Amino acid sequence: KAKSMGGGVTQFFNQGLQHAFNRQLRLENELRLAIQHKDLVIYLQPQFEQRGSNTECIGFEALLRWQHKQLGTVSPAEFIPVAELTGQMPALHSLVLEQSVAALQRLQTRSEYQRCTVAVNVSASQFKQSNFLQELEQLLSNSPYAKNLELELTENILVDDIEGTAELMDVLNNQGLQFSLDDFGTGYSSLSYLKRLPLRQLKIDQSFVRDLLNDAHDAAIVRTIIALAKSLGLEVLAEGVETDEQRQKLLTLGCKRYQGYLLGRPQPLEYWLNQ
Ligand code: C2E
Ligand code: MG
Ligand code: MG
Ligand code: MG
């Protein structure tokens, strides 16, 4: 009886699952070729700093996009888990590093971007892999632009072997690389460890910025992160700034760096060069 009543719903549900499953399978099968064919490209989202009444572009974050012939643009939220599962993160990271250093070189041709950094997201599973580090060191010795790379790590990289992580960060930091802690506030990190790491900046997660004006808890968290950054001598940048009200509020709270749709969406390098 239940079957006859719910059959339509079950079938609908199964079709939805089937569809999701097929898509996942397809992404798994096609990712390797997409990497080889350079169908994955970085988009750059600008990061700004308020200096007096001037808003200056201080850098860009490299965000991967898969430009799929049939499926259109596939989000990294969808294909990075696939890459993790199928052992393709090293290939993805190479591609991102290579494109980011090339972008840094091209950005030099525009005076307003000459001092800009390019920030690359590094997944926790890759950071301590020897091939990733070798590749970074090779880039640093081969290209004068590579020292303007910044690495964005998330708190989960700090969960185990903090000493090992700190040592590696020191090695790279001594060669000129800067580090930001991404999505700060959403992970799990022991605050006392923060001061042992060669960090330049905390990035306030966009989930706290979204309701900053209406949610007193979010506002309190943002205030606390800003105070923490100040007391540790770190820069602080807010992610996901979509409205001028959010921007004004952040400035009032003492956060002068921000990134978000309000001032710039992620776009291909050419877009920024032709602005
Ligand atoms: P993330 O590093 O925290 O990047 C910020 C995400 O927020 C990006 O999503 C960006 O497009 C989006 N965003 C920027 N401004 C706004 C805004 O004003 N409002 C809203 N609602 N969203 C905004 P995206 O590009 O889909 O990337 C998602 C995540 O995928 C990234 O989060 C990062 O963790 C990961 N990712 C992206 N590219 C790479 C990569 O090259 N390597 C690795 N390992 N991870 C990557
Ligand atoms: Mg990031
Ligand atoms: Mg983030
Ligand atoms: Mg994120």
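The values are calculated or read from the model by the stated rules, or taken from the named source; none is laboratory data. What you are looking at is a predicted structure, and each value in this text was computed from that prediction instead of being measured. In this analysis, Cβ positions are derived from the backbone assuming ideal geometry, glycine residues included, and neighbour counts consider all displayed protein chains. In case anyone asks, the SASA skips ligands and DNA or RNA and just uses the protein heavy atoms, side chains included. Shrake-Rupley method; radii C 1.70, N 1.55, O 1.52, S 1.80 Å.
Observations
- Shape of region 101-213, Cα gyration tensor, a/c cut at 1.5: oblate
- Taking a ≥ b ≥ c as the square roots of the eigenvalues of the alpha-carbon gyration tensor, region 181-275 is classed oblate because a/c is 1.5 or more while a/b is no larger than b/c.
- Mean Kyte hydropathy of 0.5 or more with a Cα span along the axis of at least 20 Å, helices from DSSP in the chain: 89-107, 216-232
- Inverse of mean 1/r across different Cα pairs in region 7-145, Kirkwood, Å: 17.3 Å
- Per atom type, the chain shows carbon and sulfur on 51% of its accessible surface, probed at 1.4 Å.
- Within region 11-42, trypsin sites (Lys or Arg not before Pro) in DSSP loop having at most 16 other beta-carbon neighbours inside 10 Å: Lys38
- Ratio of Rg to Rh for the chain: 1.01 [Cα atoms; Kirkwood radius as inverse mean 1/r over pairs].
- Given +1 at the Cβ of Lys and Arg, -1 at the Cβ of Asp and Glu and no other charges, the dipole of the chain around its Cα centre is 520 debye to the nearest 20.
- Note that region 157-202 presents 48 Å² accessible area per residue, ligands and nucleic acids not counted, probe 1.4 Å.
- A straight chain from Gln134 to Asp211 at 0.36 nm per residue would run longer than the Cα-Cα distance by 23.6 nm.
- Residue-normalised accessible area of region 16-145, given per residue in Å² at a 1.4 Å probe: 50 Å²
- Residues whose placed amide H lies under 5 Å from that of His68, excluding near-sequence neighbours: Thr73, Val74
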